[in-house]
1. Could you list, in sequence order, all residues of the stretch 109-132 that are in a helix (DSSP H, G or I) and open to solvent by 70 Å² or more (accessible area, probe 1.4 Å)?
2. Restricting attention to the stretch 10-46, which residues are in a helix (DSSP H, G or I) and of a type in the set (Gly, Ala, Ser)?
3. Residues of the stretch 28-51 being surrounded by fewer than 14 Cβ atoms within 10 Å (Cβ to Cβ) and over 30 Å from the mean Cα position of the chain (by Cα), which ones?
4. Restricting to the stretch 69-108, what's the tally of residues that are open to solvent by 30 Å² or more (accessible area, probe 1.4 Å) and hydrophobic (A, V, I, L, M, F, W, C)?
5. Counting only residues that are closer than 22 Å to Phe179 by Cβ and of a type in the set (S, T, N, Q), which one in the stretch 195-239 is most open to solvent (accessible area, probe 1.4 Å)?
6. If I ask for residues that are of a type outside the set (S, T, N, Q) and open to solvent by less than 80 Å² (accessible area, probe 1.4 Å), which ones from the stretch 181-194 would you list?
7. Condition check: closer than 25 Å to Thr187 by Cα and either in a helix (DSSP H, G or I) or open to solvent by less than 50 Å² (accessible area, probe 1.4 Å) (or both). Does Gly138 satisfy that?
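The values are calculated or read from the model by the stated rules, or taken from the named source; none is laboratory data. Just so we're clear, the structure is a prediction, and the values are computed from it rather than from any experiment. FYI the Cβ positions are ideal-geometry reconstructions off the backbone, even for glycines, and counts take in every protein chain you see. All accessible areas refer to the heavy atoms of the entire protein, side chains included, with ligands and DNA or RNA removed. Shrake-Rupley method; radii C 1.70, N 1.55, O 1.52, S 1.80 Å.
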Amino acid sequence: MEFRGLMGGFYRISEWIMRFSVTNLLWIGCSLPFFAALFMKLLFMAGNFPNESLQMNWAMGILAPFTLFPATSAMFSVGRKWIMGDTDVKLLKTFFSSYKENYKQAMIGGIFYTLLFVIMYIDYTVYMTQLTSMRMIGYVMLGLLIILFVSLFNFFSMVSHYHMKTFEILKNSVLLTVFRPVRVVLTAIVSGAILYFGIKYPFIIIFFAGSVIAYYAFFNFYATYQKMQAQQEQLAEQRDAEENEEALEGQALSDGEGRPDEEEDKEKPASESR
């Protein structure tokens, strides 16, 4: 039964609320160990327990590749289905099949990202607090940390969209962030705004934050992908046109070289008749 008019609008809105909320809850559920460690860290920070808070940092770093990264890649796979027009996809089946399919790739990528984050953050802290004479290097490390963090949006989008080797996805996600930064930076800004309001209103984080960010991130990634594909097709057409033009020019030159001989052959009988 299809609703029309005002009732149809309310029905479609309720459908999207259900889709986002169910997907977000699946994401939190599959990342529960990581979020439990995060919650404990916030409690220790509020209670002024720095040692325990530091221990939770290590726990989050260990848990993230095995829980948060695979769950996030599965959530992006659901968002990919929506962006590509399959809005009535079965949420549970799509989420868990993608979770299983991309688990290894997301886990390896998570280990890579986590190690880089830890190393670069330690370097940044050392240069900014201890080696103050080399603080400029600390600012460079901060910039690299930001690029690395923002590239996560492209990483999860590529894991859900491409069948590529993990190293290729990691490399291309960073390169795409550096050379096509506009949309991914916009994604980061909107994500920051969503998390800001989520801190004020926690139900946003519980029911909507992750899935809305994944949807918007893949929307921007897919727009960039389509633009790059159109440019490649245009370049291929230009290349084909140039090759055809060169072939026609070569043929014209060969025809032109043959014509004088024919003219001489035609002129000989005329000279003989004279």
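1. Of everything in the stretch 109-132, those that are in a helix (DSSP H, G or I) and open to solvent by 70 Å² or more (accessible area, probe 1.4 Å) turn out to be Phe112, Leu115, Ile119, Tyr121, Ile122, Thr129, Thr132.
2. Here is the first cut: in the stretch 10-46, the residues in a helix (DSSP H, G or I) are 10-30, 32-46.
Correct list: Ser14, Ser21, Gly29, Ala36, Ala37, Ala46.
3. Passing the criteria: Leu43, Met45, Ala46, Gly47, Asn48, Pro50, Asn51.
4. Count: 6.
5. Of the residues in the stretch 195-239, the ones closer than 22 Å to Phe179 by Cβ are 216-236, 238-239.
Within this subset, residues satisfying the condition of being of a type in the set (S, T, N, Q) are 220, 224, 226, 229, 231-232, 234, 238.
Working: Asn220: 5, Thr224: 19, Gln226: 93, Gln229: 75, Gln231: 70, Gln232: 119, Gln234: 102, Gln238: 87 Å².
It comes out as Gln232.
6. Across the stretch 181-194, the qualifying residues are Pro181, Val184, Val185, Leu186, Ala188, Val190, Gly192, Ala193, Ile194.
7. Here the answer is no, as Gly138 does not meet what is asked.
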